[in-house]
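Colleague: Right, I'll just put the structure down here and ask away after.
The values are calculated or read from the model by the stated rules, or taken from the named source; none is laboratory data. The model shown is predicted, which means the values in this text are computed figures rather than measured ones. Glycine also receives a Cβ, built like all others from the backbone with ideal geometry; neighbour counts cover every protein chain displayed. For accessibility, only protein heavy atoms count, side chains too; no ligands or nucleic acids. Shrake-Rupley method; radii C 1.70, N 1.55, O 1.52, S 1.80 Å.
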Amino acid sequence: MPLLNKVRTAVSGGPGGDTASLPLSRLRSALTLFFALDGFLFAGWVVRIPAIKQQTGATAGDLGLALLGVSAGAVVTMTLTGRLCRRYGSHTVTVVTAVLLSLSLALPPLTRSPLALGLVLLLFGAAYGGINVAMNSAAVDLVAALRRPVMPSFHAAYSLGGMVGAGLGGLVAAGLSPTAHLLALTAAGLLLTAAAGPVLLRHPSPAPPERLPARPATGRPSAGARRAVLVFGVIALCTAYGEGALADWGALHLSQDLGAHPGVAAAGYSLFALTMTAGRLSGTVLLERLGQTRTLVAGGLTAAAGMMLGALAPTVWAALLGFAVTGLGLANIFPVAVARAGALAGPSGVATASTLGYGGMLLGPPSIGFLAEWSSLPVALTTVAVLAAGAAVMGYVTRNPRADSAS
């Protein structure tokens, strides 16, 4: 089928793009690299936070306030990037924000005070939020042109990039200063952007074979589509809430409540991340066989069951099994929610769903802490299961037979 292999038409997603036929596989490979690069650079920053905290002389409270710069910059930029994508094209915005993300990564180790760190993290967060909306918008258009539900594969690349970045950072942490490490990552980011960027810059986003009725030719989503986009954003929030909660509280639950060895406790989130990556790598096959609605519902229910086990299990190994099952269940909910929002409302839909999803990741850790103070950490972690079940219910309520058959 020619449409599966070539771009036959181009949308006005970017000025001056080459409308000649282009194998979609090249666009997919380039976009996959940007997803992996995003995860790789962010993980490289995260593993150097302790060293930069010491370098700036920040207290725990000072560091917490400085890290809010990442969140604030990301949330503000996510709300604006949809407009930039509509004006300049998601491909152009992806490349520009990748350059900004790479350059801003070199700034934190150059600071010498918590205030300066917070200011440069505003820029880093802005670039991080911008690239996430832009590359997801580009991925939505490519998924439509391919007529295959390959969105999970892009998010799997992000997860794999994060795992490589964290592992490499751990290996070089003892031998390289934060400045040398992050400057090396800046150089790597710029080189990879220079290699993959021209593929995106020379070609606008491919036009989908047909537009969904909810997204008219004017590009303005209907009122019903906007409501559906908000629902998909809440579904993304439910997923990211669980990811943030397990990242910050999973190890503590294993060590404090179940008496796990520190090494075993630290492996809890790694196991969760590993199964999430595996789930995303198999996500395309799952979507092709089950469709979007069944994938959302099955994923939400699986994650709910896994987290109930992980939170309430009486033994360490049962809890680890629960974490692994939770990762499999949550793996494809966020990619599907973002894809559905983008299909309904274009870049603005991706921006809305991404912003709400990122908000869920920010909301999870403090909410768990507050609930743990009020009751206990195991009880607090059951909220992850409750929200996952809620995502399953919302996924079923917003089912779309047309979208499921297309997927």
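Colleague: Which of the residues belonging to the stretch 219-272 are in contact (Cβ under 8 Å) with a residue 24 or more places away in the chain and of a type in the set (S, T, N, Q)?
Modeller: The answer is T239, Q256.
Colleague: Take the stretch 73-85 and flag every residue that is under 18 Å from A240 (Cβ atoms), hydrophobic (A, V, I, L, M, F, W, C) and open to solvent by 50 Å² or more (accessible area, probe 1.4 Å).
Modeller: The one that is under 18 Å from A240 (Cβ atoms), hydrophobic (A, V, I, L, M, F, W, C) and open to solvent by 50 Å² or more (accessible area, probe 1.4 Å): V76.
Colleague: While we're on this one: Quick check on the stretch 28-40. Is at least one of its residues of a type in the set (K, R), over 25 Å from A157 (Cα atoms), open to solvent by 20 Å² or more (accessible area, probe 1.4 Å) and assigned to a helix (DSSP H, G or I)?
Modeller: No, that holds for no residue.
Colleague: Another question, if that's okay. Of all residues in the stretch 179-209, count the ones that are open to solvent by 40 Å² or more (accessible area, probe 1.4 Å), more than 19 Å from S104 (Cα to Cα) and in contact with a Ser or Thr (Cβ under 8 Å, 6 or more places away or on another chain).
Modeller: 1
Colleague: Return the residues of the stretch 342-371 that are in contact (Cβ under 8 Å) with a residue 24 or more places away in the chain and open to solvent by 40 Å² or more (accessible area, probe 1.4 Å); say none if nothing qualifies.
Modeller: If the condition is that a residue be in contact (Cβ under 8 Å) with a residue 24 or more places away in the chain and open to solvent by 40 Å² or more (accessible area, probe 1.4 Å), then T352, L356, M361, L362, L363 are the ones that fit.
Colleague: A further question on this structure: Residues L115, L100, L171, L176: which one is farther than 17 Å from Y358 by Cβ, in a loop (DSSP other than H, G, I, E, B) and open to solvent by 40 Å² or more (accessible area, probe 1.4 Å)?
Modeller: None of the others qualify; the one that does is L176.
Colleague: Specify which of the listed residues (A343, A380, A372, A392) is hydrophobic (A, V, I, L, M, F, W, C) and either touching a strand residue (DSSP E or B) at 6+ places or on another chain (Cβ under 9 Å) or closer than 23 Å to T277 by Cα (or both).
Modeller: The match here is A392.
Colleague: Which of the residues spanning the stretch 43-59 are surrounded by fewer than 14 Cβ atoms within 10 Å (Cβ to Cβ) and over 26 Å from the mean Cα position of the chain (by Cα)?
Modeller: Within the stretch 43-59, Q54, G57, T59 meet the criteria.
Colleague: Which one is nearest to Y358 (Cα to Cα) among residues in the stretch 252-281 that are in contact with a Phe, Trp or Tyr (Cβ under 6 Å, 6 or more places away or on another chain) and open to solvent by less than 40 Å² (accessible area, probe 1.4 Å)?
Modeller: F272
Colleague: What single numbered condition from (1) open to solvent by 10 Å² or more (accessible area, probe 1.4 Å); (2) out of contact with any Asp or Glu (no Cβ under 8 Å at 6 or more places or on another chain); (3) over 26 Å from R294 (Cα atoms); (4) at pLDDT 90 or above fails to hold for Y128?
Modeller: It fails just one condition, (2).
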